[in-house]
């Protein structure tokens, strides 16, 4: 099972405020997309019956620096815990050009089958 996953995003002008730094909401959206991608990979690799997963919680989002237009960001999601239907992740956002930490946080996703919460039957050992 893929415990960590990396997702990349270039900060474009439409992602930024009047100071040229990324909007906080846009950064959270990027973090959400990164973990969503990770959940799809986990469900496929684990041969789960579930066909998708949705965000149910964000915790402890900390914005440390403001990336600027043109910066390449790397979001690393790490699976930390599996419930019956849930998957918990730690998130780390770094600016690739200097490896500075941009943001951190945690999120919880719930697996679904045909639009309803469903047991994913994944294990940390897969």
*Scope the stretch 68-90; condition in contact with a helix residue (DSSP H, G or I) (Cβ under 8 Å, 6 or more places away or on another chain) and in a loop (DSSP other than H, G, I, E, B); matching residues*: 69
*Assuming residue 57 fulfils every condition listed in (1) within 12 Å of the chain's Cα centre (by Cα); (2) touching a residue at least 24 places away in the same chain (Cβ under 8 Å); (3) within 18 Å of residue 118 (Cα to Cα); (4) surrounded by 13 or more Cβ atoms within 10 Å (Cβ to Cβ) apart from one, which condition is it?*
(4)
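Would you tally the residues in the stretch 84-126 being surrounded by 13 or more Cβ atoms within 10 Å (Cβ to Cβ) and farther than 20 Å from residue 34 by Cβ? Explain how you work it out, then say what you get.
Restricting attention to the stretch 84-126, the residues satisfying the condition of being surrounded by 13 or more Cβ atoms within 10 Å (Cβ to Cβ) are 85-96, 100, 102-113, 117-122, 126.
Retained after the next criterion (residues that are farther than 20 Å from residue 34 by Cβ): 85, 113, 117-119, 121, 126.
Within the stretch 84-126, residues that are surrounded by 13 or more Cβ atoms within 10 Å (Cβ to Cβ) and farther than 20 Å from residue 34 by Cβ number 7.
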*Given the conditions (1) closer than 18 Å to residue 111 by Cβ; (2) modelled with pLDDT under 95, report the number of the one that residue 39 does not fulfil.*
(2)
*Which condition breaks for residue 93 when tested against (1) touching a residue at least 40 places away in the same chain (Cβ under 8 Å); (2) under 24 Å from residue 25 (Cβ atoms); (3) outside any strand (DSSP E or B)?*
(3)
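Considering only the stretch 30-67, state which residues are farther than 19 Å from residue 94 by Cα and assigned to a loop (DSSP other than H, G, I, E, B).
Of everything in the stretch 30-67, those that are farther than 19 Å from residue 94 by Cα and assigned to a loop (DSSP other than H, G, I, E, B) turn out to be 46, 47, 48, 49, 50, 51.
The values are calculated or read from the model by the stated rules, or taken from the named source; none is laboratory data. Here the structure is a predicted model, which is why all the values come from computation and not from measurement. So basically every Cβ, Gly included, is an ideal-geometry build from the backbone, and we count neighbours across all protein chains shown.
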